[in-house]
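The values are calculated or read from the model by the stated rules, or taken from the named source; none is laboratory data. Quantities reported herein were computed from a predicted structural model and do not represent experimental measurements. Here the Cβ positions follow ideal geometry from the backbone for every residue, glycine too, while neighbour counts run over all protein chains shown.
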Amino acid sequence: MQRLEKLYEGKAKVLYSTDDPDLLIQYFKDEATAFDGKKKGIIQQKGVLNNKISSRIFRYLEGKGIKTHFVDMPTEREMVVKRLKIIPIEVVVRNIAAGSLSKRMGVEEGTPLKETIIEFYYKSDPLGDPMINEYHIRAFGLAGEKELREMEASALKVNRILSEFFLERGIILVDFKLEFGTHKGQVLLGDEVTPDGCRLWDKDTKEKMDKDRFRRDLGNVEEAYREVLKKVME
């Protein structure tokens, strides 16, 4: 497969067209950002680690009946994916209070939630990805009712599957972000599933194994990502 023109460059990835109009190449970068791009840096080998982690997880989810955009991992930094029409909504699934939820609700980080929370955010870098609800989604036509319900159901199913998957490997899935798009009329899980977009804590020590190590200057960021890769490959 031939990599052609650059279509889009984001904070963590670059998308390229290919000689197949239905397929793109998603290239993973080492750049890291936090706080809506206000903090920037490099995590050595992050692109390689995230590509391997996400490819493994997409394959696992596909085996459990989750429809994703994943096709193949031809190189250690590239993922072949189906071309999606992106739905401009980030779906955040929360199992334990952490990050912005702890601040917003005034609860201690690490507080277990009585039930899983799903939040929606409007995918817009210039606006800082503001939180929205179903009324906003309908009023601004961000997604159809059927698409919204499919995204919600898929997010909850992914949560059940990955919570068990990670726990078996000694990791707690605290919360995570998902993105979706449509391909030939189907709603597919897109983007990536990595420590960039998931809060992952060591089950025994509660040590953070995700991008919070970069956000909070905790150090050993690459080492944490490498440990996640090691565990997900088990």
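Looking at segment 196-219 only, could you name the residues that are part of a loop (DSSP other than H, G, I, E, B) and within 15 Å of Gly170 (Cα to Cα)? I'd like the intermediate steps shown before the answer.
Of all residues in segment 196-219, those part of a loop (DSSP other than H, G, I, E, B) come to 196-197, 203-207, 209-211, 216-219.
Correct list: Lys203, Asp204, Thr205, Lys206, Glu207, Met209, Asp210.
All of Gly37, Gly47, Gly110 fail the test of being closer than 21 Å to Lys230 by Cα and in contact with a Lys or Arg (Cβ under 8 Å, 6 or more places away or on another chain), apart from Gly47.
Is it the case that segment 220-231 has a residue that's in a loop (DSSP other than H, G, I, E, B), at pLDDT 95 or above, more than 16 Å from the chain's Cα centre (by Cα) and not small (Gly, Ala, Ser)? Show your work before the answer.
Pass one, segment 220-231, residues in a loop (DSSP other than H, G, I, E, B): 220.
Next, from what is left, pick out any that are at pLDDT 95 or above: 220.
Still in the running and more than 16 Å from the chain's Cα centre (by Cα): 220.
Filter again for not small (Gly, Ala, Ser), leaving 220.
So far as segment 220-231 goes, yes, one or more of its residues are in a loop (DSSP other than H, G, I, E, B), at pLDDT 95 or above, more than 16 Å from the chain's Cα centre (by Cα) and not small (Gly, Ala, Ser).
Go over the candidates Pro88, Pro21 one by one and state the one that is at pLDDT 95 or above and either touching a Gly at 6+ places or on another chain (Cβ under 7 Å) or not in a loop (DSSP other than H, G, I, E, B) (or both). First the steps, then the outcome.
Working: Pro21 fails: either touching a Gly at 6+ places or on another chain (Cβ under 7 Å) or not in a loop (DSSP other than H, G, I, E, B) (or both).
From the options Pro88, Pro21, the qualifying one is Pro88.
Within segment 144-163, the set of residues being aliphatic (A, V, I, L, M) and either closer than 12 Å to Glu90 by Cβ or within 17 Å of the chain's Cα centre (by Cα) (or both) comprises Met151, Ala153, Ala155, Leu156, Val158, Ile161, Leu162. Count of segment 193-223 residues, restricted to those that are surrounded by 15 or more Cβ atoms within 10 Å (Cβ to Cβ) and within 19 Å of Lys40 (Cβ to Cβ), is 12.
Against the definition (modelled with pLDDT of 95 or more and over 17 Å from the mean Cα position of the chain (by Cα)), how does Gly190 come out, yes or no? Against the criterion (modelled with pLDDT of 95 or more and over 17 Å from the mean Cα position of the chain (by Cα)), Gly190 does not qualify. Exactly one residue among Gly181, Gly128, Gly141 is closer than 27 Å to Asp36 by Cβ, exposed (fewer than 15 other Cβ atoms within 10 Å of the Cβ) and in contact (Cβ under 8 Å) with a residue 24 or more places away in the chain, and that residue is Gly128.
Out of Val80, Val158, Val92, report the one residue that is closer than 20 Å to Ala34 by Cβ and buried (at least 19 other Cβ atoms within 10 Å of the Cβ).
Working: Val80 fails: closer than 20 Å to Ala34 by Cβ; Val158 fails: closer than 20 Å to Ala34 by Cβ.
Being closer than 20 Å to Ala34 by Cβ and buried (at least 19 other Cβ atoms within 10 Å of the Cβ) holds for just one of Val80, Val158, Val92, which is Val92.
The conditions of being among the basic types (Lys, Arg) and in the same structural domain as Ala155 (by TED's automatic domain parsing) are met by Arg94.
Restricted to segment 26-66, and to residues there that are among the hydrophobic types (A, V, I, L, M, F, W, C), outside any loop (DSSP other than H, G, I, E, B) and within 15 Å of the chain's Cα centre (by Cα), the residue that is surrounded by the fewest Cβ atoms within 10 Å (Cβ to Cβ) is Ala34. Let me confirm something: among Arg83, Arg56, Arg94, Arg77, which residue is touching a Gly at 6+ places or on another chain (Cβ under 6 Å), under 27 Å from Ile161 (Cα atoms), among the charged types (D, E, K, R) and touching a residue at least 12 places away in the same chain (Cβ under 8 Å)? Exactly one residue qualifies, and that residue is Arg77.
Among the residues of segment 37-60, write down those that are among the hydroxyl-bearing types (Ser, Thr, Tyr) and within 15 Å of Thr75 (Cβ to Cβ).
Keep residues of segment 37-60 that are among the hydroxyl-bearing types (Ser, Thr, Tyr), which gives 54-55, 60.
Within segment 37-60, Ser54, Ser55 qualify.
Let me confirm something: among Leu173, Leu148, which residue is assigned to a helix (DSSP H, G or I) and either of a type in the set (Ser, Thr, Tyr) or surrounded by 14 or more Cβ atoms within 10 Å (Cβ to Cβ) (or both)?
Numbers: Leu173 fails: assigned to a helix (DSSP H, G or I).
None of the others qualify; the one that does is Leu148.
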